[in-house]
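The values are calculated or read from the model by the stated rules, or taken from the named source; none is laboratory data. Owing to the predicted nature of the structure, the values given are computational and were not obtained by experimental measurement. Because the Cβ atoms are built from the backbone with ideal geometry, glycine has one as well, and the counts that use them run over all protein chains shown.
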């Protein structure tokens, strides 16, 4: 094996199994028993068909083809959450029971003040968590700054590459668990790399990185063997796809349950310009899969669920009115989800207003009434007991908002 091939293999390992930079504290137990997972829906999901404004006739007038019916006996109708809001029926067996049990809440009119409506620009701005219009530091993400305030070297990004949100002074590992066994180095190649970095400043980081990779791959092999036995018994008619979020969520939970205080995962494909569907269709299928994954995460966390908070966000919402192709376009305000065994859920929280033509932002979108840094800052302060000085290190100059969820 020549040096060029070796370095290529090492690069593949870094991107898909371990990640750079290696953490020097990967195997340390979290300094806090609380767990926080941020789920980022990349592509801007249609929040208006997730949390349905059932008391708004304007909603039904604006979406003649894709609106979700008002709550009723029809299985395709919205699930009643309050007099004004309903939930997409695709979440009937997963998120709806959590809401009824006080383990799920929704924050409508949430988001960032960025008006670019650009996926990438808005995602970057959210992940940095910095003031708009000022100096932008792409090497400083707000979850990394939070990890520093927690003094916990136990943050993990369950992604192929380290995202902006976890870049910074605190070393963080990343691993895309569904691909953890791919592009792996064999024992001989691993030994060569270990020798290359022996007696250098990176020796400990490389060693820790291989240890994490080995543990992940071993867990995946054991899980796949168990799944294969189950598939042989039932003919695999209802087997979980290896590419599905449900399997990923289970794997994330196993690692966060024992090691990591902070976690991040992103899910793509939420850009629904054409044939979005209503109670069924593209969006409904994705919501159903997402719900199953989050429910599986809860189950896998076991007793740690009571110490866990999960937040689901997206870069922005979508147009309130459907377009000519029975889809929706890039919008502004969105709806955030907050789940957890210890939250005071079962409520729709945050500042709200009636959804009418006159209240739309720029006559097209959900307005942003609950700024994301203030909302997340309030959650972090409540979960971890951080004071205003500490929160200012995470979100500089932001007045946090306590929505009473934790």
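Some points to look at:
- All conditions but one from (1) farther than 18 Å from residue 127 by Cβ; (2) buried (at least 22 other Cβ atoms within 10 Å of the Cβ) apply to residue 324; the one that does not is (2).
- Residues being free of Cβ contacts under 8 Å to residues at least 40 places away in the same chain, within 26 Å of the chain's Cα centre (by Cα) and either more than 16 Å from residue 284 (Cα to Cα) or part of a loop (DSSP other than H, G, I, E, B) (or both) - total across segment 41-85: 2
- Every condition in (1) surrounded by fewer than 17 Cβ atoms within 10 Å (Cβ to Cβ); (2) touching a residue at least 40 places away in the same chain (Cβ under 8 Å); (3) over 23 Å from residue 311 (Cβ atoms) holds for residue 102 except the one numbered (3).
- The lone exception for residue 109 - which of (1) surrounded by 22 or more Cβ atoms within 10 Å (Cβ to Cβ); (2) under 26 Å from residue 320 (Cβ atoms); (3) touching a helix residue (DSSP H, G or I) at 6+ places or on another chain (Cβ under 8 Å) it fails: (3)
- Residues of segment 272-285 that are crowded, with 18+ Cβ neighbours inside 10 Å and within 22 Å of the chain's Cα centre (by Cα): 272, 276, 283, 284.
- Within segment 52-77, the set of residues being crowded, with 22+ Cβ neighbours inside 10 Å and within 21 Å of residue 93 (Cβ to Cβ) comprises 52, 54, 68.
- Residue in segment 124-138 that is modelled with pLDDT of 95 or more, buried (at least 21 other Cβ atoms within 10 Å of the Cβ) and in contact with a strand residue (DSSP E or B) (Cβ under 7 Å, 6 or more places away or on another chain) present: no
- The set of residues in segment 103-136 being closer than 29 Å to residue 85 by Cα and in a loop (DSSP other than H, G, I, E, B) consists of 103, 112, 113, 114, 115, 116, 117, 118.
- Among the residues of segment 140-154, those that are part of a loop (DSSP other than H, G, I, E, B) and either out of contact with any helix residue (DSSP H, G or I) (no Cβ under 8 Å at 6 or more places or on another chain) or surrounded by 24 or more Cβ atoms within 10 Å (Cβ to Cβ) (or both) comprise 141, 151, 152, 154.
- Output for segment 78-97, where each listed residue is closer than 20 Å to residue 367 by Cβ and loosely packed, with under 15 Cβ neighbours inside 10 Å: 82
- Residue count, segment 356-406 (criterion: out of contact with any strand residue (DSSP E or B) (no Cβ under 6 Å at 6 or more places or on another chain), at pLDDT 95 or above, surrounded by fewer than 17 Cβ atoms within 10 Å (Cβ to Cβ) and in a loop (DSSP other than H, G, I, E, B)): 10
- Output for segment 35-49, where each listed residue is touching a strand residue (DSSP E or B) at 6+ places or on another chain (Cβ under 6 Å), within 13 Å of residue 318 (Cα to Cα) and surrounded by 24 or more Cβ atoms within 10 Å (Cβ to Cβ): 44, 45, 46, 47
- Residue that is at pLDDT below 95 and either surrounded by 19 or more Cβ atoms within 10 Å (Cβ to Cβ) or in a loop (DSSP other than H, G, I, E, B) (or both), where the choices are 224, 215, 211, 248: 248
- Subset of segment 251-261 that is outside any loop (DSSP other than H, G, I, E, B) and at pLDDT 90 or above - its residue that is farthest from residue 33 (Cα to Cα): 251
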